[in-house]
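> Quick one: the structure is below, and I'll ask about it shortly.
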């Protein structure tokens, strides 16, 4: 068989067909023969013998295949503005003269030089049938078989005239063999300038190098056509007879009402490449003076046939030869690649790209066109050949994926030309073998596709091939009863996981007979699941690889653990936990439990429907087996943690701190100890919350105790260096203080994350943590406060300069030295402290600034005027904005602390005028009055005043009705009360003086029933500060009247003044108002203190003295 195949290759090369093209460039026959001889591995003697056999074989008959597709832009010849075009085409032997039509300018129409291939012409037996749509006219021309034509022989035209008496409106197809099948005619397309034929013709060729395809386009005339002219001609003789035949047709058509000529085209056969050509050709005329328009679309390709007595469509032998040729060339290219890769391993790729050499492609292409193998059949053969080489590791799956895509594309293009039964069976067998091999690879995915980039690529393309097969129409046609490939992939993955698990068990018998073995097995499963999730699950995107493997592994691990714990006498419910309480048994079970908990971490990647399996694994805990040992471990761990903290502080060295670090190694060691304890508890994953409380409490107590010991040691170190002594200077080892401050802050931040890390919910646990945090807060405040105190003297000097600068100096210039000082301090602190520690020091400095500002406001405040306090207030706001730094410094909430509020209030009061202070005082008293009435229960230790007030017609009416529970101020236990009524503030009501009631002797429940009128406007009453002041006094004859109480009422609430509508009972002041009498409870009221300090202001002194008499004694 190989000898026959080699002879076939030599025969194919000898009769190489068609011009070369870009895809198949020019090759000398000697080069192709040399490649074939090398690929087949034959010697010279064997080659000469086979070459002699090939040369004795009869040459094949060359066949020209022409498909007349369409034409466009033809000239209109009929009165209706259209034409009725049809084509007549044939072969002109030899070098006939004539006008050649030129093809449109496109890359597809660049024709290569002709090959040196010749062939003999033979009778063509195929023809296209006539149209059956028109029943009113006969066929124009009948086909007549004739003998094979030789050169210089004559032949007679064969035709059939139409019945001239029959008039038709629709044209018949004109299929004729004129003369002797050298001429073909297409059907007539009526009334169009852009006809579409899509009709195929075949011509036997005598000489490819000299023959020319000639095509005419005519406008059909119902009365007298070119075919009628052709029928009157005598037989054609001689080699040049066909050219003269076309010329005579043209001359006959010039007279009478015959078919009109629309154009022609001449195409030399030597210009047709082996791949064929499909393009547009411009139509030419019979002479240079002809005016022809339009173009025609043709598809041309060459093929051969042999007179072997078999059907031309039966090319199964050629297909099998194509498959064998592919196998020979693939084996040769792979072997050559392996040699090249072994020799040049550093520069060559590790896998063959699947591309054959150009010589091999040329031989295969020539064999295909000479054997009339279609493009679809070629792709089928290529897939079968390449798929059969799969076990070879040099073949990458990307090659097969590319071939599958090409096969699918060609299958869609050749859907009207299906394969034969033998071809479909061969393709089905190849598909089935490929699927079986691919599924076996998936089962062995852990061994064949290790986690490397190249292997991941191979696996990816293997799956792409399977998914491409699943959607291919070719696969569904050839394998209609095959299972769904996606389902087979899932089954293969599941079987592969089970086989891997079984192999692991068989490789080591101790894996299921000891606790340590189960731990090793669980860790191996964990590693396999990790690879499945991180590598294979991403590559296998069409199915959930991880979920399939996870479900299989978890089931097998559950069965193995349960079987061991049951058979080995260890119960999962803790029944035998007491006997396993020793360290010898508890430690291995603890390790197994940690390994099982690691598997539980994968449940975050498991879909909800698989969670019950995870819960089943969660039940496989062995906590009760090491409960007693865990308690002992915690005691030992506490001692070790404390020793570790002490050792970390002793071994701490500030000189080894990196420039980018802001704390030393002792803080890192301490916090890492915390994290290790928390990570231990996370890995333990205790299943019961209630039973875990004692252990969590021990862990939290261990952490807090270690943290407190660390804080004390760091604070002691700071004390030892004399930081808190008064003679300590800022220049003395300040970097060490910064590092220690950062250490405390770093550990305190770590404590803040402990509750969330341990999931602590009990109050007892929070109390332990709060105690530790308070301890750190105290230490940090003391260090930061002491650091700020070291800077007090310099800040105090600048604040004094600010306060006592000349009045002509603006506040911003006066505060410039202080701001420069603060800027220098903060620039020194910020790069050396952690953010939280830095903000804590800034807060301490802010407290010092506030204290110094308060001191300046207190010193001889009575001798200073409002302008002095204006400057202090401006400085206070500048300092606040400076330390806030537009949100980059301290927050406004931290800056506006209680100390700031007291300082700001004091300075604001000192800078206010006396009238403003008096108004503020009354507004404050009114607010106190409203708070008393707004509370649910009203207490009146000084009595209650009953009044009625309303506004009507620019007059405020005030009725003093009565009072009750007035305090006794006379020795007889009674009082002589009367009420003073006045409108406040005085500046708002300059024309309204105070008025008073009559004195009611010796009573605590006076009834006045008096009415007073005040001439006011509605606008005055609606001011925010407008109010009525009611003062109850005790009348004395010899001494000054005593103060019994006071009450205030806002005029905005008075009927007639209030904007809200009033009810019937309040209209015209009908509703009685009960006002609780008040005394001033604050002996050191800030407003009164400021007013008392203004010794130069008579109004301030009088008001302060008057209000001091009303303070509760």
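> Give the residues of segment 887-916 that are outside any helix (DSSP H, G or I) and more than 56 Å from the chain's Cα centre (by Cα), sorted by residue number.
Across segment 887-916, the qualifying residues are 912, 913.
> Having 1 or more residues that are over 27 Å from residue 503 (Cβ atoms) is the bar; report the helices (runs of 4 or more DSSP H) wholly within segment 391-487 that clear it. I'd like the intermediate steps shown before the answer.
On the way: elements: 397-413, 421-443, 445-448, 453-471, 473-478.
Counting at least 1 such residues, we get 397-413, 421-443, 453-471, 473-478.
> Let me ask something else about it. Residues in segment 934-942: is at least one crowded, with 18+ Cβ neighbours inside 10 Å, in the same structural domain as residue 1053 (by TED's automatic domain parsing), in contact (Cβ under 8 Å) with a residue 60 or more places away in the chain and farther than 30 Å from residue 859 by Cα?
Yes; the residues of segment 934-942 include at least one that is crowded, with 18+ Cβ neighbours inside 10 Å, in the same structural domain as residue 1053 (by TED's automatic domain parsing), in contact (Cβ under 8 Å) with a residue 60 or more places away in the chain and farther than 30 Å from residue 859 by Cα.
> Looking for whichever is on the phi > 0 side of the Ramachandran plot and modelled with pLDDT of 60 or more here; the options are 285, 276, 309, 256. Which one fits?
Among 285, 276, 309, 256, only 276 is on the phi > 0 side of the Ramachandran plot and modelled with pLDDT of 60 or more.
> Then there's this: Tell me which residues, restricted to segment 373-393, are surrounded by fewer than 18 Cβ atoms within 10 Å (Cβ to Cβ) and over 16 Å from residue 429 (Cβ atoms).
Answer for segment 373-393, where residues must be surrounded by fewer than 18 Cβ atoms within 10 Å (Cβ to Cβ) and over 16 Å from residue 429 (Cβ atoms): 374, 375, 391, 392, 393.
> Checking the condition part of a helix (DSSP H, G or I) and at pLDDT 90 or above, which residue from 635, 708 passes? Give the steps one after another, and end with the answer.
Numbers: 635 fails: at pLDDT 90 or above.
Testing whether each residue is part of a helix (DSSP H, G or I) and at pLDDT 90 or above leaves just 708.
> Would you be able to tell me the number of residues in segment 959-997 that are outside any strand (DSSP E or B) and either farther than 28 Å from residue 918 by Cα or outside the structural domain of residue 1045 (by TED's automatic domain parsing) (or both)?
So the answer is 9.
> Quick one: which of 965, 919 is more than 17 Å from residue 1024 (Cβ to Cβ) and more than 60 Å from the chain's Cα centre (by Cα)?
Answer to the check: 965.
> Let me ask something else. From the list 598, 652, 604, exactly one residue is at pLDDT 70 or above and in a loop (DSSP other than H, G, I, E, B). Which is it?
Values: 598 fails: in a loop (DSSP other than H, G, I, E, B); 604 fails: in a loop (DSSP other than H, G, I, E, B).
One residue alone meets the criteria, 652.
> It is to be established whether one or more residues within segment 26-39 are within 20 Å of residue 303 (Cβ to Cβ), touching a helix residue (DSSP H, G or I) at 6+ places or on another chain (Cβ under 6 Å) and surrounded by fewer than 21 Cβ atoms within 10 Å (Cβ to Cβ).
Yes, because at least one residue in segment 26-39 is within 20 Å of residue 303 (Cβ to Cβ), touching a helix residue (DSSP H, G or I) at 6+ places or on another chain (Cβ under 6 Å) and surrounded by fewer than 21 Cβ atoms within 10 Å (Cβ to Cβ).
> If you take the residues in segment 1084-1113 that are out of contact with any helix residue (DSSP H, G or I) (no Cβ under 9 Å at 6 or more places or on another chain) and assigned to a loop (DSSP other than H, G, I, E, B), which one is farthest from residue 1040 (Cα to Cα)?
Applying the first criterion (out of contact with any helix residue (DSSP H, G or I) (no Cβ under 9 Å at 6 or more places or on another chain)) to segment 1084-1113 yields 1084, 1098, 1102, 1106, 1109-1110, 1112-1113.
With assigned to a loop (DSSP other than H, G, I, E, B) added as a condition, the list becomes 1084, 1109-1110, 1112-1113.
Numbers: 1084: 24, 1109: 11, 1110: 13, 1112: 17, 1113: 17 Å.
Here the answer is 1084.
> So, one more: Condition first: surrounded by fewer than 16 Cβ atoms within 10 Å (Cβ to Cβ) and part of a strand (DSSP E or B). Now tell me which residues in segment 998-1009 satisfy that.
Hits for segment 998-1009 are 1007, 1009.
> Okay, next question. Being touching a helix residue (DSSP H, G or I) at 6+ places or on another chain (Cβ under 9 Å) and buried (at least 18 other Cβ atoms within 10 Å of the Cβ) is the requirement here; does residue 986 meet it? Before you say what the answer is, go through the steps one by one.
Numbers: touching a helix residue (DSSP H, G or I) at 6+ places or on another chain (Cβ under 9 Å): yes; buried (at least 18 other Cβ atoms within 10 Å of the Cβ): no.
In short, no.
> Can you give me the number of residues within segment 801-813 that are in a helix (DSSP H, G or I) and either closer than 19 Å to residue 858 by Cβ or in contact with a strand residue (DSSP E or B) (Cβ under 6 Å, 6 or more places away or on another chain) (or both)?
Total satisfying the criteria: 3.
> To continue, here is another question. Could you tell me whether residue 811 is touching a helix residue (DSSP H, G or I) at 6+ places or on another chain (Cβ under 8 Å) and surrounded by fewer than 20 Cβ atoms within 10 Å (Cβ to Cβ)?
Taking the combined requirement at face value, the residue satisfies it.
> Same structure, new question: Does segment 395-408 contain any residue that is modelled with pLDDT under 90 and surrounded by fewer than 17 Cβ atoms within 10 Å (Cβ to Cβ)?
Scanning segment 395-408, I find no residue that is modelled with pLDDT under 90 and surrounded by fewer than 17 Cβ atoms within 10 Å (Cβ to Cβ), so the answer is no.
> While we're here: Take the residues of segment 1-21 that are out of contact with any strand residue (DSSP E or B) (no Cβ under 9 Å at 6 or more places or on another chain) and in a loop (DSSP other than H, G, I, E, B): which is modelled with the highest pLDDT?
The qualifying residue modelled with the highest pLDDT is 16.
The values are calculated or read from the model by the stated rules, or taken from the named source; none is laboratory data. None of the values given here were measured: they were computed from a predicted structure. Cβ sites come from the backbone with ideal geometry, for glycine too, and all protein chains shown count toward neighbours.
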